[in-house]
1. Scan the range 63-80 and report the pairs whose first residue is more than 19 Å from residue 176 (Cβ to Cβ) and whose second residue is of a type in the set (A, V, I, L, M) and modelled with pLDDT of 95 or more, with Cβ atoms within less than 9 Å and a gap of 6+ or a chain change.
2. Filter the range 137-168 down to residues that are under 18 Å from the mean Cα position of the chain (by Cα), assigned to a loop (DSSP other than H, G, I, E, B) and touching a residue at least 60 places away in the same chain (Cβ under 8 Å) and give me whichever is surrounded by the most Cβ atoms within 10 Å (Cβ to Cβ).
3. Please go through (1) in contact with a helix residue (DSSP H, G or I) (Cβ under 7 Å, 6 or more places away or on another chain); (2) farther than 25 Å from residue 62 by Cα for residue 127 and return the number of the only condition it doesn't satisfy.
4. Can you tell me which condition residue 92 does not meet? The list is (1) in a strand (DSSP E or B); (2) closer than 22 Å to residue 10 by Cα, and all the others hold.
5. Please determine, by comparing only the residues of the range 2-57 that are in a loop (DSSP other than H, G, I, E, B) and either without any contact (Cβ under 8 Å) to a residue 40 or more places away in the chain or among the acidic types (Asp, Glu) (or both), which one is nearest to residue 86 (Cα to Cα).
6. Could you please tell me which pairs satisfy a Cβ distance under 8 Å, a separation of 6+ or placement on different chains, a first residue in the range 97-108 that is within 19 Å of residue 49 (Cα to Cα) and in contact (Cβ under 8 Å) with a residue 12 or more places away in the chain, and a second residue that is in a strand (DSSP E or B) and aromatic (Phe, Trp, Tyr)?
7. Please go through the range 170-196 and pick out each residue that is closer than 14 Å to residue 111 by Cβ and either β-branched (Val, Ile, Thr) or free of Cβ contacts under 8 Å to residues at least 24 places away in the same chain (or both).
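The values are calculated or read from the model by the stated rules, or taken from the named source; none is laboratory data. Keep in mind that what you see is a predicted model, and the values were worked out from it rather than measured. Cβ: placed from backbone, ideal geometry, glycine included. Neighbour counts: every protein chain shown.
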Amino acid sequence: MPTPYMTEPALLESLRGQQYLVLRPVDAVATFYDREQVNVLAQAPGSLPHPNAGHVTLRGFAEPDRVPLLRESVERWTESTPPIELLVEAVDGFPPPFQVIIARLARTPSLVGSYASLTGVLDPTDFRRIGELPLGEWVFHLSLAYAGALDELAWKAVLGNCRRDVASAPREVISSVDFVHYDEDGEHIETFRLQSS
């Protein structure tokens, strides 16, 4: 059984009724993520909410009554989508009001291509998408910690201590995607393989 992404009750409650398509690193990017998250959390005053596992969100949805139909669309997309390369380029942050410390990813051709092809599959549908931006504005990332509760000075201090380019540029190729949905029973994760070469 996969490691859950979210275990904090407040986060789980806030996600109820939502669905996500995410990439889960398991090799070099995952190793970097785990080390960096420990560093970020050590910089913060008190305890910050954070994901339990590193993941790259490709899309979010609000379709609690059409989960099986959405799952079918996602599975069809995976059948024609090749593996996706992730490459960490920096530790950065989304500014207020979000205040999220992130591992920012390079816009590799396969990552950009997968986002664009998913848009092509979704555009003819009426699935309710949340948090979506046009491809040119989307920042590919792994969230390390959610610092929205910090005041301005504390936020600037944490971000200042963590922000940097990542010279080692950890990379890996992802060969599957997770379809994650949240309901009254919590988190549910289904894994689909991407197109084999």
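1. Pairs that qualify, where the first residue is more than 19 Å from residue 176 (Cβ to Cβ) and the partner is of a type in the set (A, V, I, L, M) and modelled with pLDDT of 95 or more, are 63/69; 63/70.
2. 147
3. That leaves (2) as the condition not met.
4. (2)
5. The qualifying residue nearest to residue 86 (Cα to Cα) is 27.
6. 99/146; 100/94; 100/146; 102/94
7. 173, 174, 177
Per-residue answers, yes or no, for (1) polar (S, T, N, Q); (2) surrounded by 20 or more Cβ atoms within 10 Å (Cβ to Cβ):
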site	(1), (2)
25	no, yes
31	yes, no
40	no, yes
60	no, no
69	no, no
72	no, no
84	no, yes
90	no, no
